[in-house]
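In what follows, a single structure is set out as structure tokens and then discussed.
Each reported figure results from applying straightforward, stated rules to the coordinates on display, with no laboratory input. Remember, it's a predicted structure, so these values are computed and weren't measured experimentally. Heads up, the Cβs are rebuilt from the backbone with ideal geometry, glycines too, and the neighbour counts pull from every protein chain shown.
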There are 2 protein chains.
Amino acid sequence: MKETDDIRPTTSAPQQIDAMDRRILAALVEDATVSYADLGKRVGLSAPAAHERVKRLKRSGVIQRMAALIEPKAVGKGLLAFVHVDTRGWGKSPALMAVANYPEVEEVHSVAGDTCMLLKVRTENTHALEGLLAQIYDAPGVLATRSYVVLSTYLERPPQPGITASWPRPKASLPVAAAQ
Amino acid sequence: MKETDDIRPTTSAPQQIDAMDRRILAALVEDATVSYADLGKRVGLSAPAAHERVKRLKRSGVIQRMAALIEPKAVGKGLLAFVHVDTRGWGKSPALMAVANYPEVEEVHSVAGDTCMLLKVRTENTHALEGLLAQIYDAPGVLATRSYVVLSTYLERPPQPGITASWPRPKASLPVAAAQ
DNA sequence: GATAATGGCCGAATGATGTTAGGTATCAAT
DNA sequence: ATTGATACCTAACATCATTCGGCCATTATC
């Protein structure tokens, strides 16, 4: 399993991803432990050919890395919440970005809309969430936060390689003049 | 790499996760392609011992699966957005849940707060987002949606095994009576 | 239109790694 | 003290990743 070729994170993918690459990606996103022989069989390639493709996808940065997906509840993170942070001025202050160092913080985005920053956090309970929120409030320029505590998660998965080619026409849309 | 032991998704983890398991999880979340020899070296175990631990973590469901993490932009998903969906009645209608079949939809949660459902979606552009929103609106009972389009992502990672033992006291908090 | 060059693939051989087996130490309960 | 269970180790084996050489298709060049 030693990747002798250096996987240096080169600049973003220059070449195009074809249908074969997409099938390989789909398989690896679902299960990254398949042998190259099985992977090749699934997509219609030999093991070395599949390996060569995967190596290229890694080198080009399309495959960032292989990761173990763990069950949050098992590691003491039963509470998931999305935190919207309203900030004065420009929200990306170093003090606010420092919360990314906590392992409870999984995502930090700046968003367009009525709020500046959006965090996805996972804590053991509401008490720990309060402790994290206190850290967020502690950052200068933070005006307010709104937390959306997740009650149930129906779907949660990493980025998928598939894309929807054409979106269905809405069937129950309001009549619009000149809707082509 | 063939896991001869069946990894049947048994009921949730019965036994406790110790510090060694946490270190193994931390290593595998970062890079699931390490050899068991390297993994053992990193956490202070032999290769078979590390393997045994990993096998147990998989069987107990702590490790759900190994997945390839791909760069969304490389597969034509440069636009990330969080969509809040307000619904009349109980939001979990089959028609709304059907949007989970689109590969653009990565997360579906029901949340507490002023909205009922929260989706994380990744599309190629705003036009595709519009097509997806049309599908959401098409579900009966959907009153309104609010979309937060991500401008920049500063952090995005899968669930981490680490937990913060004690949260720092906020340094700039308002004086509170009898704050112990 | 012939030919060289490139890219992608395959089959087979080799080396690294996953995996099993057997044995030892530690700890808890009998 | 003895038994049983658990977790670990070393060593051997089986499997797989990886490399190599050659083949075929396509494209560029003469």
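Would you pick out the residues in the range A:147-163 that are within 7 Å of chain B (Cβ to nearest Cβ) and either in contact (Cβ under 8 Å) with a residue 40 or more places away in the chain or in a loop (DSSP other than H, G, I, E, B) (or both)?
Listed by number, the residues that qualify are A:Tyr148, A:Val149, A:Val150, A:Thr153, A:Arg157, A:Pro158, A:Pro159, A:Gln160, A:Pro161, A:Gly162, A:Ile163.
Tell me yes or no: at least one residue of the range A:60-78 is closer than 30 Å to A:Asp21 by Cα, in contact (Cβ under 8 Å) with a residue 24 or more places away in the chain and of a type outside the set (A, V, I, L, M, F, W, C).
Within the range A:60-78, one or more residues are closer than 30 Å to A:Asp21 by Cα, in contact (Cβ under 8 Å) with a residue 24 or more places away in the chain and of a type outside the set (A, V, I, L, M, F, W, C).
Is it the case that B:Ile70 is crowded, with 22+ Cβ neighbours inside 10 Å and either within 16 Å of DNA strand C (Cβ to nearest atom) or at positive phi (or both)?
Considered against the rule, which asks whether it is crowded, with 22+ Cβ neighbours inside 10 Å and either within 16 Å of DNA strand C (Cβ to nearest atom) or at positive phi (or both), B:Ile70 comes out as no.
Just give me the residues in the range B:34-50 being within 12 Å of DNA strand C (Cβ to nearest atom) and surrounded by fewer than 17 Cβ atoms within 10 Å (Cβ to Cβ), in sequence order.
B:Ser35, B:Ala37, B:Asp38, B:Lys41, B:Ser46, B:Ala47, B:Pro48, B:Ala49
Report the residue count in the range A:26-65 for those that are among the β-branched types (Val, Ile, Thr) and more than 9 Å from every other protein chain (Cβ to nearest Cβ).
So the count comes out to 1.
Only one of A:Arg88, A:Arg122 is charged (D, E, K, R), touching a helix residue (DSSP H, G or I) at 6+ places or on another chain (Cβ under 9 Å) and either surrounded by fewer than 19 Cβ atoms within 10 Å (Cβ to Cβ) or in contact (Cβ under 8 Å) with a residue 40 or more places away in the chain (or both); which?
None of the others qualify; the one that does is A:Arg122.
Answer with yes or no whether A:Tyr102 is among the aromatic types (Phe, Trp, Tyr), surrounded by 15 or more Cβ atoms within 10 Å (Cβ to Cβ) and free of Cβ contacts under 8 Å to residues at least 60 places away in the same chain.
Yes: the conditions hold for A:Tyr102.
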